[in-house]
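The structure appears right after this line, and notes come after that.
The values are calculated or read from the model by the stated rules, or taken from the named source; none is laboratory data. Note that this is a predicted model, so its numbers are computed, not measured. FYI the Cβ positions are ideal-geometry reconstructions off the backbone, even for glycines, and counts take in every protein chain you see. The protein model used for the area step is the full one, side chains on, heavy atoms only, and it has no ligands, DNA or RNA in it. Shrake-Rupley method; radii C 1.70, N 1.55, O 1.52, S 1.80 Å.
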Amino acid sequence: MSEVNAQPTVVIIGAGIIGLTSALAIQSVLPKGSYKMVLVAREFPSQADHSVDYASMWAGAHMRPIPASTPQLAREAEWLRHTVAVFDSQSKREPWRGVTATTGTEYLDAPDEFYQAQNTASFTAESGLSGYRPLQPDELPAGTKMGFTYSTFCVNPPVYCESLVRTFLLRGGSIMRKSLASEWEGFNITGCNVRVVVNASGMGFDDPECFPTRGQTILTNLTSVKQTVTRQNGDGTWSFIIPRILDGGTVIGGTKEPNDLQVEPRPSTRHQLLSNFSKNIDTAELRALPKDFLMDRDIILRDIVGRRPTRRGGMRVEVARATRSDVNRANHEPASQFVVHAYGAGGRGYEISWGVAQEVAGFVKQELSTTYC
């Protein structure tokens, strides 16, 4: 069968959290069997190990809202609210996916005016999360000026992403392990009549606005930690503690190091992360831990380094068009091709994933109905 006469195809590039959720969202909005769906990526969740650039496998993956103080953050808040609704449903109806409801606690050493203006009504309206409660001065660790708790979600990334791949396949999708040099190469998949490509490649194929943000964390097998704790330190660094359901242990983190390409963990960073853990974990939970647990090799499983795909100005979610000749097709028909871009989420991939996916699916459905119907 020639490519022109083959079943019309949607190609999704990237098997990170944005690519996986977008693939499932597209399957949900297109008529069943109307399009072949192909997920193309260099790496998939089922692999034994992953590169530092496959950020979704290294993510802490807890949901912590940010005040919507800019137009970009307001857009991300919309995506987050939709993701909250999906995570809430999955934690209740599909707990095997690895999403769990938990309590989030935030400590801020130097809160800006937007955090200081935050209250129950604004927090709930922006995030869709419930249970917001400001902390009293006697509930704060030494050195912090503000704190609050709320109901939130944590994700076990390997378990979650593997479950999304299985769902995609069971719905009739297919996967292809392939490294592409450009989003437009997606139109040249052999044997496919590709109508649209979704570019969920993370860094966006030479987008000059994209850059990697190095993150270093520690994976432990602690099971006594039952909530996620985040502290914004006065020097601009971050500390966080993230428990994972389904034997995923607890993640101690973490760093945000723009344009730092070092792959190996830094021992000095590891020491600082463990020191911050002792300062920020709830006293009752810390008392439940084994004595000298920070030195116990059976508890500290591994140091983790990953590179978040960050983009100046925020994530790119939009449609770009080109003619078939622009993408070097053998058959130069006049009909246009289009790419839906969805990359550059930085450290917020899980938090905004289903909201972005819903928008991507809407673009795909609209463009297909306009261009080919």
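Suppose every Lys and Arg Cβ carries +1 and every Asp and Glu Cβ carries -1, with no other charges. What dipole size does segment 85-141 come out with about its Cα centre, to the nearest 20 debye? Show your work: numbers first, answer last.
Working: 4 positive and 9 negative charges, 101 e Å.
It comes to approximately 480 debye.
Please give the solvent-accessible surface of Arg42 in Å², to the nearest 10, using a probe radius of 1.4 Å with every protein chain present.
Roll a 1.4 Å probe over it and Arg42 shows about 140 Å².
Placing unit charges on C-beta atoms (Lys and Arg positive, Asp and Glu negative, everything else neutral), compute the dipole magnitude of the chain about its Cα centre in debye, rounded to 20. Kindly include the intermediate steps, with their values, before the conclusion.
On the way: 38 positive and 38 negative charges, 156 e Å.
With Lys and Arg at +1 and Asp and Glu at -1, about 740 debye.
FRET efficiency for Gln7 and Ser46, Cβ-Cβ distance as r, R0 = 22 Å, nearest 0.05? Don't skip to the end; give the middle numbers.
Values: r = 26 Å, r/R0 = 1.17.
Step by step, r from the Cβ atoms, then E = 0.30.
Rounded to the nearest 0.05, what FRET efficiency do Asp138 and Ile66 give with R0 = 25 Å and r taken as the Cβ-Cβ distance? Could you check? Mind dumping the intermediate values first?
Values: r = 26 Å, r/R0 = 1.06.
Taking R0 as 25 Å, the efficiency between Asp138 and Ile66 is 0.40.
Evaluate the relative contact order of segment 114-257 (contact order divided by residue number), counting alpha-carbon pairs under 8 angstrom at least 6 apart; express in whole percent. Provide the component values of the computation, followed by the final result.
Working: 159 pairs, mean separation 23.2, N = 144.
Normalised by residue count, the contact order of segment 114-257 is 16 percent.
May I ask which residue of Val319, Gln337, Ala117 lies farthest towards the positive end of the charge dipole of the chain, with charges of +1 (Lys, Arg) and -1 (Asp, Glu) on Cβ and the Cα centre as origin?
Among Val319, Gln337, Ala117, the one farthest towards the positive end of the dipole of the chain is Gln337.
Using amide H atoms built 1.01 Å from N in the peptide plane, name the residues 5+ places from Phe153, or on other chains, whose amide H lies under 5 Å from its own.
Those lying under 5 Å, H to H, from Phe153 are Met63, Thr102.
Mean 1/r over all different Cα pairs, inverted: what Kirkwood radius does segment 1-78 give, in Å?
15.4
Just by accessible area at a 1.4 angstrom probe, what is the order of His50, His341, His82 from largest to smallest? Intermediate values should be presented prior to the final figure.
On the way: His50 30, His341 5, His82 60 Å².
Per-residue accessible area, sorted high to low, gives His82, His50, His341.
Could you tell me the relative contact order of segment 205-287? Use alpha-carbon pairs under 8 Å, at least six residues apart, and round to a whole percent.
34
In a Gaussian network model over the chain where Cα atoms closer than 10 Å are linked, find which of Glu209, Glu113, Glu185 has the largest mean-square fluctuation.
Most flexible of the set in this elastic network: Glu113.
In debye to the nearest 20, how big a dipole does segment 1-118 give about its Cα centre with +1 on each Lys and Arg Cβ and -1 on each Asp and Glu Cβ?
On the way: 9 positive and 12 negative charges, 131 e Å.
Charge dipole, segment 1-118, about its Cα centre: 620 debye, nearest 20.
For Ala121 and Asn188, compute 0.36 nm times the residue count separating them, minus their Cα-Cα distance, and round to one decimal in nm.
On the way: separation 67, 0.36 × 67 = 24.12 nm, distance 4.98 nm.
Using 0.36 nm per residue and subtracting the Cα-Cα distance, I get 19.1 nm.
Where a Cα-Cα gap under 20 Å defines reach, which aspartates and glutamates qualify for Lys145, not counting those fewer than 8 residues away within the same chain?
Reachable aspartates and glutamates: Glu106, Asp109, Asp112, Glu113, Asp235, Asp282.
For a test of the definition: using alpha carbon positions, the gyration tensor, and the 1.5 limit on a/c, classify segment 1-134 as rounded, prolate or oblate.
Numbers: a/c = 2.27, a/b = 1.99, b/c = 1.14.
It comes out prolate by the Cα gyration axes.
Got a number for the accessible area of Lys226? Probe 1.4 Å, square angstrom, nearest 10.
140
For segment 218-284, divide the Cα radius of gyration by the Kirkwood radius and give the resulting Rg/Rh value with two decimals.
Values: Rg = 12.5 Å, Rh = 12.8 Å.
Result: Rg/Rh = 0.98.
Compare the Cα positions of Val29, Trp58, Ala6 along the charge dipole of segment 1-79 (+1 at Cβ of Lys, Arg; -1 at Cβ of Asp, Glu; about the Cα centre) and return the one farthest towards the positive end.
Toward the positive end, the furthest listed residue is Val29.
Go ahead and run the numbers for FRET between Ala322 and Ser130, Cβ-Cβ distance against an R0 of 41 Å, rounding to 0.05. Present the calculation step by step, with values, prior to reporting the outcome.
Details: r = 45 Å, r/R0 = 1.09.
So the FRET efficiency works out to roughly 0.35.
Sorted by accessible area (1.4 Å probe), largest first, how do Glu367, Glu126 line up? Could you put the intermediate results ahead of the total?
Numbers: Glu367 25, Glu126 60 Å².
Accessible-area ranking of Glu367, Glu126, largest first: Glu126, Glu367.
Normalized C-alpha radius of gyration of the chain, against 2.2 N^0.38 Å?
1.03
May I ask you to rank Tyr115, Tyr35 by accessible area, largest first, using a 1.4 Å probe over the protein chains only? All intermediate terms of the calculation are to be shown ahead of the outcome.
Details: Tyr115 15, Tyr35 45 Å².
Highest to lowest solvent-accessible surface, that is Tyr35, Tyr115.
Find the centroid of the Cα atoms in segment 29-85 and in segment 214-246, then give the distance between the two in whole Å.
Between the Cα centres of segment 29-85 and segment 214-246 lies a distance of 20 Å.
Between Ser369 and Ala110, what length in nm is gained on full extension when 0.36 nm per residue of separation is reduced by their alpha carbon distance? Provide the component values of the computation, followed by the final result.
Numbers: separation 259, 0.36 × 259 = 93.24 nm, distance 4.98 nm.
Fully extending the segment from Ser369 to Ala110 adds 88.3 nm.
Could you work out the relative contact order of the chain, using alpha carbon pairs under 8 angstrom and six or more residues apart, expressed as a whole percent? Don't skip to the answer; put the middle values down first.
Details: 800 pairs, mean separation 95.3, N = 373.
It rounds to 26 percent for the chain.
Span-like helices, the chain: DSSP H, alpha-carbon axial extent 15 Å or more, mean Kyte-Doolittle 0.5 or greater, which ones?
In the chain, the long hydrophobic H runs are 17-29, 157-170.
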